[in-house]
Amino acid sequence: MAYSEDQAAHLSDQQHAVVRELQELFLQIVVQGESATNARVREHLLHGAARRVGVIKRCIENVYTLFPPGASRPLHEDKLADVQINLHAFVMNLYGIYDNWAWAYILRHDLEEEIGGRRRIGLFIEATQKRLPTALRNYLSSTATSEWYEKYVKSFRDALAHRIPLYIPPAQLTPDEGEQYNRLEAEKVECITAMRWERLDQIWSEQTAIGVPCFTFLHAFSEDDPPSPILLHPQMLSDARSTVEFGMLFLKHWHENT
């Protein structure tokens, strides 16, 4: 699915706004992290959450530069790999920052032993969640947030870490284009076997000229319940805004101990 011209322009504008929001969250984390007296709390805020926000921000910038929403041609293999590397880093840090928030809260209030040890530390684990201030607990237990975490963030992170890494199809093809692409793919194997490296390079270029960009990502075809493809650019912005929204809420209430 391609974006319309207006959609592509809107996504680009929103990307700049989201980057500014992430930068503001980063600064707020640093301010509160620097004032923390517990060394482990400081580490989870400054070297955990703040660093992850910086990576999330940079991943968005990189993806929008390498693969802008207005792109009209499929990406070359190397550039597509760079986009996927940034997508992988984005998802891992999106998942990880919630653990940093959990650790910072539990350590600040010295609750590790009380909740049953480190294996029960996590914002989406009941032992931790029931000790959170009401505002945080209500946010995390809402249907929208819990489903976003379980069905998307955790699902895609687990696939990336343990099963099939997230990927972006190289192009969106018509049936005829698909046949042409597959013929070239078979010829690649022949070129590798015969060590015809010059022709192999030509095939890569020919394949890049076939079809239109595919702006979706996913992690598997053959699982019992495979995920639906997700539009890359709006999903990254939505995820980042969720991170900012909860991060600001956390920093407002994490001093409270129920």
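If you run the Gaussian network model on the chain, springs between alpha carbon atoms under 10 Å, then out of W148, W103, W197 the most flexible one is W197.
When only alpha carbons are used to place a centre, the stretch 87-162 and the stretch 43-75 end up 21 Å from one another. With the convex hull of its Cα atoms as the shape, the stretch 78-227 has an orientation-averaged projected area of 12.5 nm². Relative to the present Cα-Cα distance, how much length would full extension add between A161 and R20 at 0.36 nm per residue of separation? Length gained between A161 and R20: 47.8 nm.
Dividing the summed helix terms, -39500 (n - 2.57) for each DSSP H run of n ≥ 4, by the number of residues in the chain produces a 222 nm estimate of -21000 deg cm²/dmol to the nearest 500. Across the chain, Cα pairs under 8 Å and at least six residues apart give a relative contact order of 26 percent. Among the lysines of the chain, pairs at least eight places apart or on separate chains and with Cα atoms under 21 Å apart come to 5. Relative to the longest principal axis of the Cα atoms of the chain, the long axis of helix 50-66 makes an angle of roughly 20 degrees. For the stretch 167-187, backbone nitrogen atoms closer than 14 Å to the point 7 Å from Q202 Cα along Cα-to-C-beta are found at 184, 187. Out of every Cα-Cα pair in the stretch 1-120, what percent are more than 24 Å apart? Here the long-distance tail beyond 24 Å is 42 percent of all Cα pairs in the stretch 1-120. Subtracting the Cα-Cα distance of E34 and E179 from 0.36 nm times their residue separation leaves 46.4 nm of extension gain.
For the chain, the percent of C-alpha pairs falling in each 5 Å distance bin, counted from 0 to the bin holding the largest distance, reads 1, 6, 12, 14, 16, 14, 11, 8, 6, 5, 4, 3, 1, 0. When the alpha carbon coordinates of the stretch 1-52 are projected onto the principal axes, the ranges are 51, 19, 8 Å, largest first. Note on A81 and T143: with the Förster distance fixed at 41 Å, the Cβ-Cβ geometry gives a FRET efficiency of about 0.65.
Restricting the stretch 146-202 to trypsin sites (Lys or Arg not before Pro) that sit in a DSSP loop and have at most 13 other Cβ atoms within 10 Å of their own Cβ leaves R163.
Every read-out reported here was derived from the displayed coordinates using simple, explicitly stated rules and does not represent laboratory data. In this text the structure is predicted, and so the values were computed from the model without any measurement. Neighbour counts are summed over all protein chains in view; Cβ atoms, including those assigned to glycine, are modelled from backbone coordinates with ideal geometry.
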